[in-house]
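The values are calculated or read from the model by the stated rules, or taken from the named source; none is laboratory data. Computed from a predicted model, the values in this text were never measured in an experiment. Here Cβ is always computed from backbone atoms with ideal geometry, including for glycine, and neighbour counts include all displayed protein chains. Please note that ligands, DNA and RNA were not included when accessible areas were found on the heavy atoms of the full protein model with its side chains. Shrake-Rupley method; radii C 1.70, N 1.55, O 1.52, S 1.80 Å.
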Amino acid sequence: MPSHNLAKIKIDDLEIIGYSVAAEETVIALPQLDVCFDVGKAPDQVISINNVLLSHGHIDHCSGIAYYLSHRNFNGQKPGTVLAPGNMIRPIQQILDAWGQLDGTQVPANLVGVKVGDEYQIKPNLFVRTFPTKHSRGSLGYTVIEKRKKLKSEYTELTGPQIVELKKQGVTIDYPVEIPIVTYFGDTQYAEFSQLDYVANSKILITECTFYEDEHIERADVGRHMHVKELAKLVRQMNNEHIIITHVTHRTSLAAAKKMLRETLDKRDVDKTIFLMGRHRTQARP
Ligand SMILES: [Zn+2]
Ligand SMILES: [Zn+2]
């Protein structure tokens, strides 16, 4: 039986599984892309995913890192690749070393420190690009981008053999295109994310929106989280087809959060949003 009951969303053929509640746990995986954004407490369903992309070092986003890596070893899988802001790599290695001492077995890992603007290849046509977020020192967001080659318009009418002939002659018949599939913010305040083309045009945007009530505006500011009023401003500037909302506070019931989101966002944007935990949590906690 899986360790967690994860939320599941399907957008076209793409499956998104995860769990995200502020201060409790955040882990969001797209198994078909072989990526997991943050690792929470390492639910069983994400262990076989080869790439974990950590947005920042808060414990609710990455406390499962040692378990994820060591359980892959236990299962005979290759060491997991963990992308993380450069300043997180040393402390992660120290955690793994400490667990190695306790466990009596070294925890194998492929740790990759990344900085703003870096790209990392995860499949032949699939890359991850990083960008800065406004949350904690070094915090990063990630966009998964498919890179393809497209035939130049002047050659689209040609037959296969004609194209082969042109290629033989050394003619460049295609040009590179980038298709941003999904962007993950991790935790962040509002920032001018729409200035990044690949973020603004990602088919799917996974964004935190922690707070909803007016009296929580200051709390959002102090914790460097997004308030629904900021989210409304942000998504108005974006072209994403689907917006998945994560990291909702315990302090507001999901039903109330949904209502306030509907009242605050433009109609066009409301229709694009879905709460990751939509079918999971309906009760407010004290
Ligand atoms: Zn968080
Ligand atoms: Zn955080």
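Most fluctuating residue of I17, I173, I59 in a GNM of the chain with Cα springs under 10 Å: which is it?
With Cα springs under 10 Å in the chain, the top fluctuation among I17, I173, I59 is at I173.
Would you mind calculating the gained length between E15 and K152 on full extension (0.36 nm times residue separation, minus the Cα-Cα distance), in nm to one decimal?
46.1 nm
To the nearest 0.05, what FRET efficiency results for S48 and R90 with a Förster distance of 22 Å applied to their C-beta separation?
Given R0 = 22 Å and the Cβ-Cβ separation, E is 0.20.
Relative contact order for the chain: what percent, with Cα pairs under 8 Å and sequence separation of 6 or more?
13 percent
With point charges of +1 on the Cβ of Lys and Arg and -1 on the Cβ of Asp and Glu, referenced to the Cα centre of the chain, which listed residue (Y155, S136, Y190) lies farthest in the positive direction of the dipole?
Towards the positive end, the residue furthest out is Y155.
Can you give the charge dipole size of the chain about its Cα centre, rounded to the nearest 20 debye, using +1 on the beta carbon of Lys and Arg and -1 on the beta carbon of Asp and Glu?
Using only the charged Cβ atoms, the result is roughly 180 debye.
Ignoring ligands, DNA and RNA, what percent of the 1.4 Å accessible area of the chain is carbon and sulfur?
50 percent
Using a Gaussian network model on the chain with a 10 Å cutoff between Cα atoms, which of L276, L30, L14 fluctuates the most?
L14
Can you pull the one-decimal nm distance between simple spin-label points at R137 and S63, each 7 Å off the Cα toward Cβ?
2.3 nm
Work out the charge dipole of the chain with +1 on the Cβ of Lys and Arg and -1 on the Cβ of Asp and Glu about the Cα centre, then indicate which of I204, V235, V164 is farthest towards its positive end.
The one lying farthest along the dipole's positive direction is V164.
Determine the per residue accessible area of the stretch 149-286 with all protein chains present and a 1.4 angstrom probe, expressed in square angstrom.
53 Å²
What's the magnitude of the charge dipole for the stretch 1-79 around its Cα centre, counting Lys and Arg as +1 and Asp and Glu as -1 at the beta-carbon? Answer in Debye, nearest 20.
Value, rounded to 20: 240 debye.
Quick one: if you stick a label point 7 Å off each Cα along the C-beta vector at A98 and K78, how many nm between them?
3.0 nm
At 222 nm, what value in deg cm²/dmol follows for the chain if DSSP H runs of at least 4 each add -39500 (n - 2.57) and the sum is divided by all its residues, to the nearest 500? Before the final figure, lay out the partial values.
Details: 9 runs with 73 residues, N = 286.
Counting only the DSSP helices, I get -7000 deg cm²/dmol.
How much net charge surrounds A220 when only the other residues with a Cβ under 14 Å from the Cβ of A220 are counted, with Lys and Arg +1 and Asp and Glu -1?
On the way: positive: K134, R219, R224, K229, K233, R251; negative: D187, E208, E213, D214, E215, E218, D221, E230.
The answer is -2.
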